[in-house]
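The values are calculated or read from the model by the stated rules, or taken from the named source; none is laboratory data. Predicted model only: the values in this text are computed from it and were never measured. In this analysis, Cβ positions are derived from the backbone assuming ideal geometry, glycine residues included, and neighbour counts consider all displayed protein chains.
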Amino acid sequence: MTDRHRALEILQEARNILAQRLTEQVLELGEELLADARGDSYMNEIETLYEQVGHKLTHVSHMISNLPAEPPPT
């Protein structure tokens, strides 16, 4: 296994963990998120959730896409 392949596996696992955390929190905060989206709440639940999980998920996805290409086999 190449270093790049192992790095990709680690980042993909991190992305899966973060996606699961995001799913759990969306389900847990469902009504609060909807109230925030409607403008019925000023608690900024959407922004808070994005700051807690969304930023990290975005960064990991960018890191995956920016891994150097695998060198051709020799």
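See the values below:
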| item | result |
| --- | --- |
| Unmet requirement for residue 41, which otherwise passes all of (1) assigned to a helix (DSSP H, G or I); (2) surrounded by 11 or more Cβ atoms within 10 Å (Cβ to Cβ) | (1) |
| Residue in the stretch 7-30 that is farther than 26 Å from residue 69 by Cα, among the acidic types (Asp, Glu) and surrounded by 14 or more Cβ atoms within 10 Å (Cβ to Cβ) present | no |
| Selected residue (criterion: modelled with the highest pLDDT) from residues of the stretch 1-29 that are part of a helix (DSSP H, G or I) and either at positive phi or more than 18 Å from the chain's Cα centre (by Cα) (or both) | 6 |
| Positions within the stretch 48-68 being touching a residue at least 40 places away in the same chain (Cβ under 8 Å) and over 10 Å from the mean Cα position of the chain (by Cα), in sequence order | 63, 64, 67, 68 |
| Residue match in the stretch 44-60 (condition: part of a loop (DSSP other than H, G, I, E, B) and either touching a Gly at 6+ places or on another chain (Cβ under 6 Å) or exposed (fewer than 11 other Cβ atoms within 10 Å of the Cβ) (or both)) | no |
